[in-house]
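Chemist: Below: one structure in structure tokens.
The values are calculated or read from the model by the stated rules, or taken from the named source; none is laboratory data. Predicted model only: the values in this text are computed from it and were never measured. Here the Cβ positions follow ideal geometry from the backbone for every residue, glycine too, while neighbour counts run over all protein chains shown. Calculation scope for accessible area: heavy atoms of the full protein, side chains included, ligands and nucleic acids excluded. Shrake-Rupley method; radii C 1.70, N 1.55, O 1.52, S 1.80 Å.
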Amino acid sequence: MCELNKLKTPSRLKSLALICSTATGLFSGYCLLNEDEQFYEKVVIPISHCLHPETAHRVAVAANKYRLIPKSPYQDPPSLKSKLWDLCLSNPIGMAAGYDKHGEAVENLHDIGFGFVEIGSITPLPQPGNEKPRVFRLPLNEAIINRYGFNSEGHQAVFERVQQLKAKNFNGVIGINLGKNKNSEDPIQDYVTGIRLFGPLADYLVINISSPNTPGLRDWQNKDQLEKLLTTLVRVRDELKGRKPPLLLKLAPDLTESQKDEISKLVLQKKCRIDGLVISNTTTERVEELQGEHVIEAGGLSGRPLNDSSTTMIAEMRKLTRGEIPIVGVGGISSGKDAYDKIKAGASLVQLYTSYVYHGPPRVTRIKKELDEALRSDGFNSVSEAVGGQTKSAKSYS
Ligand SMILES: Cc1cc2nc3c(=O)[nH]c(=O)nc-3n(C[C@H](O)[C@H](O)[C@H](O)COP(=O)(O)O)c2cc1C
């Protein structure tokens, strides 16, 4: 009898373990399918944040690559439908550049509910980027400092990936963000090559001259260099056969007043006339409220502390460009209100990255729901009606 019990106990334990793991699996699956915010906040994000930020980033992109994150059950409401240039988007919330640097996660990011995905920055030749560690979380500020320095698989590898995606008839909106190689002897040519290669594939192109982690890159925002750069790039884009993709310029939030003034005047000139500004990249400023051991790290700061300054800059640049150049607003968006503030400041579309790191896919849905509510409570039927505007009721009195 005693011998019999001994045999049975391990198999009972096994059954119990099997039941527990099946129940846990089913529960997790249920939570993931339903985009349960609590499950992400209390389980998924804390587990992923046990990993080093760069490892967590790689794991997250790999999960996207194999489409492990279920499609969001949220249906975008009609108010969020957006049209810009010749593009129609189901919603105006995009994944910012830097998350999917090599174009591996595009389909799954659309599944999650992003209205568009900007891949890159991509450099012409593959390059490893800066030494590790090069990404740091500042959880108390919901911020990140990164100095990746354009780690890129290079044009050819990313081009083939995007080409395969397009061959499958993927019809989500894809922006391609172009960078330059660290040791490039001819940076203008780096961007020219990118425009010629990716122009026929991209829904829009972004010229990134505002990353703080590539020496000398931000100098291209200075008047003389920028004029030379844009004159060439606008011409090269115009020479593309077939559709001419919108060409955007991504700016740093740390520009001086005179730089902003000069850039605005330049981009309004015919020969330098770009189709949009992306405002903004990460900042090298360190506000006082930053906390934690990593505040001293060099690199670009993103997330909540960037929110107000990027919104202010959107409003400034809209005014300086007389509302003639569409703006993609990015920097610290974590709620529908943040997105709405940027839209009211003048952004036609918005993007986020850092709040996704801290809250996961449910945050995208939350932002969309909150934005829809905010638009409706101000009497707007669409995002475009609200761009650069006051509330509708205020408008009718002005
Ligand atoms: C880890 C990391 C890497 C980034 N890499 C790029 C990049 O390669 N190219 C680029 O234009 N912006 C890059 N960015 C900047 C973002 O696109 C965005 O402009 C900035 O993070 C502000 O948005 P957020 O506060 O929502 O993150 C990166 C940001 C982070 C956090």
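Chemist: For the stretch 184-202: of the residues being surrounded by fewer than 22 Cβ atoms within 10 Å (Cβ to Cβ) and within 16 Å of the ligand (Cβ to nearest atom), which is nearest to Lys166 (Cα to Cα)?
Modeler: Once the filter is applied, the top-ranked residue is Asp190.
Chemist: Going through Gly303, Gly323 one at a time, which residue ends up being among the small types (Gly, Ala, Ser), within 24 Å of Leu178 (Cα to Cα) and either more than 12 Å from the ligand (Cβ to nearest atom) or modelled with pLDDT of 95 or more (or both)?
Modeler: Values: Gly323 fails: within 24 Å of Leu178 (Cα to Cα).
Answer to the selection: Gly303.
Chemist: Is at least one residue of the stretch 204-216 under 30 Å from Ser90 (Cα atoms) and either aromatic (Phe, Trp, Tyr) or open to solvent by 30 Å² or more (accessible area, probe 1.4 Å) (or both)?
Modeler: There is at least one residue in the stretch 204-216 that is under 30 Å from Ser90 (Cα atoms) and either aromatic (Phe, Trp, Tyr) or open to solvent by 30 Å² or more (accessible area, probe 1.4 Å) (or both).
Chemist: Okay, moving on. Output the strands (runs of 3 or more DSSP E) that fall wholly within the stretch 96-160 and possess 1 or more residues being open to solvent by less than 30 Å² (accessible area, probe 1.4 Å), among the hydroxyl-bearing types (Ser, Thr, Tyr) and within 14 Å of the ligand (Cβ to nearest atom), or say none.
Modeler: Strands (runs of 3 or more DSSP E) meeting the threshold: 116-122.
Chemist: Within the stretch 340-357, how many residues are under 16 Å from Ser309 (Cβ atoms), touching a helix residue (DSSP H, G or I) at 6+ places or on another chain (Cβ under 6 Å) and surrounded by 24 or more Cβ atoms within 10 Å (Cβ to Cβ)?
Modeler: 4
Chemist: Same structure again: Suppose the filter is modelled with pLDDT under 95, of a type outside the set (Ser, Thr, Tyr) and either surrounded by fewer than 16 Cβ atoms within 10 Å (Cβ to Cβ) or away from the ligand (no atom under 16 Å from the Cβ) (or both); does Glu289 pass it? Lay out the reasoning, then the answer.
Modeler: Working: modelled with pLDDT under 95: yes; of a type outside the set (Ser, Thr, Tyr): yes; either surrounded by fewer than 16 Cβ atoms within 10 Å (Cβ to Cβ) or away from the ligand (no atom under 16 Å from the Cβ) (or both): yes.
Yes: the conditions hold for Glu289.
Chemist: Also, I was wondering about something else. Would a scan of the stretch 262-276 turn up a residue that is closer than 21 Å to Arg147 by Cβ, within 16 Å of the ligand (Cβ to nearest atom) and either free of Cβ contacts under 8 Å to residues at least 40 places away in the same chain or touching a strand residue (DSSP E or B) at 6+ places or on another chain (Cβ under 8 Å) (or both)?
Modeler: So in the stretch 262-276, the residues closer than 21 Å to Arg147 by Cβ come out as none.
No, every residue in the stretch 262-276 fails to be closer than 21 Å to Arg147 by Cβ, within 16 Å of the ligand (Cβ to nearest atom) and either free of Cβ contacts under 8 Å to residues at least 40 places away in the same chain or touching a strand residue (DSSP E or B) at 6+ places or on another chain (Cβ under 8 Å) (or both).
Chemist: Just one of the numbered conditions (1) touching a residue at least 60 places away in the same chain (Cβ under 8 Å); (2) surrounded by 21 or more Cβ atoms within 10 Å (Cβ to Cβ) is not true of Leu178; which one?
Modeler: (1)
Chemist: So which residues in the stretch 131-155 are more than 18 Å from Thr283 (Cβ to Cβ) and touching a residue at least 24 places away in the same chain (Cβ under 8 Å)? Walk me through it before giving the result.
Modeler: Just the residues of the stretch 131-155 that are more than 18 Å from Thr283 (Cβ to Cβ), to begin with: 131-133, 139, 151-155.
Once the filter is applied, which keeps residues that are more than 18 Å from Thr283 (Cβ to Cβ) and touching a residue at least 24 places away in the same chain (Cβ under 8 Å), the stretch 131-155 yields Lys132, Pro133, Pro139, Asn151, Ser152, Glu153, Gly154, His155.
Chemist: What is the residue count in the stretch 33-43 for residues that are modelled with pLDDT of 85 or more and more than 10 Å from Pro362 (Cβ to Cβ)?
Modeler: Adding up the residues that qualify gives 2.
Chemist: Hey, does the stretch 77-86 have a residue that's touching a strand residue (DSSP E or B) at 6+ places or on another chain (Cβ under 7 Å) and either farther than 30 Å from Asp378 by Cβ or hydroxyl-bearing (Ser, Thr, Tyr) (or both)?
Modeler: Yes, the conditions are met somewhere in the stretch 77-86.
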